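The values are calculated or read from the model by the stated rules, or taken from the named source; none is laboratory data. Predicted, not measured: the structure shown is a model, and the values here were computed from it. FYI the Cβ positions are ideal-geometry reconstructions off the backbone, even for glycines, and counts take in every protein chain you see. Accessible surface is based on the protein model in full, side chains and every heavy atom, while ligands, DNA and RNA are left aside. Shrake-Rupley method; radii C 1.70, N 1.55, O 1.52, S 1.80 Å.
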Amino acid sequence: MLKQFLNLKLSQKLSPQQIQLMKLIQLPTQAFEQRLLEEMNENPALETGKEEEEYEKDEFENDDYDDYDDSESIDADDINIDEYLSDDDTPDYKTQANNYSDDDESRESPLAAPISFHQDLINQLNTFILDDHEREIAEFLVGSIDDMGYIRRSIPDMVDDMAFTQGIYTDEYMVERMLQVIHQLEPSGVGARDLQECLLLQLKHKTPTDSVELAADIIENQFDAFTKKHYDKLIQKYNVSNEQLKKAIYEIEKLNPKPGGGFTGNNKITENVVPDFAIRIIDNELELTLNGRNAPSLHVSKDYQEMMQTYKASRDKSNSQKEAVQFIKQKLDSAKWFIDAIKQRQETLFVTMNAIMHYQEEYFFDGDETKLKPMILKDIADIVGLDISTVSRVANSKYVETPYGTKLIKEFFSEAMKNDQGEDVSTLEIKKILQNIIEEEDKKKPLPDDQLAELLKEKGYPIARRTIAKYREQLDIPVARMRKKI
């Protein structure tokens, strides 16, 4: 049986130019500068800086070039150079914000050394006297260390992997020996198989004292009691005073459970945060400025303009000249699009951040996080008339310098919850109050989640216990048992 179906499908495809524009919008300041350098290298028709000369506009005023056909004879009149030039050396989008000038005082912290975590370990390894076979094994072990500084794989697995993938034939005894070498590297604790070994390695690197030795014994032999905070059991086991145990626990609390996590060059070249915007309070008014490094002065190359003049002036146009002018037109098209795209990027960034600033005006005047209003992407998208995905691209990757520190813009967004008055309050406000309650609690008797829920309810925020647990985890605050102090 033959059946007929009518299927209507509405779809929208973005042009390559629109996709490139979205990518430009998403780039923070430093990444944008890198993208600009790449475009400059790829397109010789694009130059930065102010032009030294003014060109007579009417010399190039011709018909639009959009209908150009490669198969036809090319005339310079088909290319309107005026579309790539401006009467004003300063692009109009640079006047839409107070930008930093080249001689402004730098607000950025120095860049950390561009070295990876694993490369640093290899450099340390080079100070040990090892034969070629030992060094191969040691370097393999370094490569097996994860970003937090741990080796999560078993020794038998690594022995097999070295044989099959690296052609390094060894045994478990040799790998264990080289692991002892790895454990001598800095930061101490690196190369541990688990948290217990990580803490123990760090304690063994410390200068021996009574407190350090007691801490090491606790980690090595009473780790379970320690993690469960059974302090009475530990006092009885070691026959020590409350004060002696407290000093030992303090030694453990100073250790780093993630020895690789704090390394500034972790797996990538470290970049300092460069604010894309700055908000200042001037004469009791909020002033938004845009980092001028995002708004370079761009123009079409003088040499390319002269090439077009030469082509137009020549009477006999050879095939090679025609091919050259096709190439020039392509580069001019690309340059014009890039200049327009930067303009659109700047406008998008500015209007989006301006809307966020005014939406959260109360917060920006005094820095009180409890005054942050509930705000979702759609709220700002509706104000500026942009797509939600565009606002998301701005918020997720950009920073703003405020009188209260440099903030990631997406941190100003939050869902709304109702208080006992039926008013919408930001989840950020609730988290801040929760954090304050936990900071002020008696650490000898920390508050469990159900009691935290009761306290918040008394303050006018009827929050369920499971929601308290979720917010606490988002704030990276452990459960009550783990917050207990002696």
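Of all the accessible heavy-atom surface of region 410-486, with the other protein chains kept in place and a 1.4 Å probe, what percent is carbon and sulfur? Each step should come with its number before you reach the end.
Details: 2060 of 4670 Å².
Heavy-atom surface of region 410-486 belonging to carbon and sulfur, 1.4 Å probe: 44 percent.
Residue by residue through region 330-346, which ³J(HN,Hα) values in whole Hz follow from phi under the Karplus form 6.51 cos²θ - 1.76 cosθ + 1.60 (θ = phi - 60°), with glycine and proline marked x?
Karplus-based 3J(HN,Hα) across region 330-346 equals 4, 5, 5, 4, 5, 5, 4, 5, 5, 4, 5, 5, 5, 4, 5, 4, 4 Hz.
Take the cross-link list Lys331/Lys378; Lys398/Lys443; Lys457/Lys485 and give me the ones stretching past 32 Å between alpha-carbons. Spell out each step's value before the answer.
Values: Lys331/Lys378 38 Å; Lys398/Lys443 37 Å; Lys457/Lys485 26 Å.
The answer is Lys331/Lys378; Lys398/Lys443.
Taking the Cβ of Gln166 as the center, what net charge do the other residues with Cβ under 12 Å away carry, scoring Lys and Arg +1 and Asp and Glu -1? Walk me through the intermediate numbers first.
Details: positive: none; negative: Glu136, Glu139, Asp160, Asp161.
Neighbourhood net charge equals -4.
Starting at 0 and stepping by 10 Å, how many percent of the alpha carbon pairs of region 159-233 end up in each bin?
17, 36, 28, 14, 5, 0
How much length, in nm to one decimal, is gained on full extension between His358 and Lys485, taken as 0.36 nm per residue of separation minus their Cα-Cα distance? Walk me through the intermediate numbers first.
Numbers: separation 127, 0.36 × 127 = 45.72 nm, distance 4.35 nm.
Stretched fully, the His358-Lys485 segment lengthens by 41.4 nm.
Once label points are set 7 Å from the Cα along Cα→Cβ at both Lys445 and Glu176, what is their separation, rounded to one decimal in nm?
With each label point 7 Å from Cα toward Cβ, the separation is 5.0 nm.
Nearest 0.05, what FRET efficiency do Thr165 and Ala464 give at R0 = 51 Å with Cβ-Cβ as r?
Calculated transfer efficiency: 0.55.
List, largest first, the extents of the alpha carbons of region 346-486 along their principal axes, each in whole Å.
Cα extents, longest axis first: 55, 32, 27 Å.
According to a simple spin-label model (label point 7 Å from Cα along Cα-to-Cβ), what is the distance in nm between Ile383 and Gln236?
6.1
Using a Förster radius of 41 Å, what is the FRET efficiency between Glu287 and Glu38 based on their Cβ-Cβ separation? Nearest 0.05, please. Write down the numbers at each step before the final one.
Working: r = 33 Å, r/R0 = 0.80.
With a Förster radius of 41 Å, E is 0.80.
Mind giving me the FRET efficiency for Ala416 and Gln18? R0 is 35 Å, r the Cβ-Cβ distance, nearest 0.05 is fine. Show your work: numbers first, answer last.
Working: r = 32 Å, r/R0 = 0.92.
It comes out at approximately 0.60.
Want the number for Asn319 to Lys258: 0.36 nm per residue separation, take away the alpha-carbon distance, what's left?
On the way: separation 61, 0.36 × 61 = 21.96 nm, distance 6.62 nm.
Computed gain between Asn319 and Lys258 is 15.3 nm.
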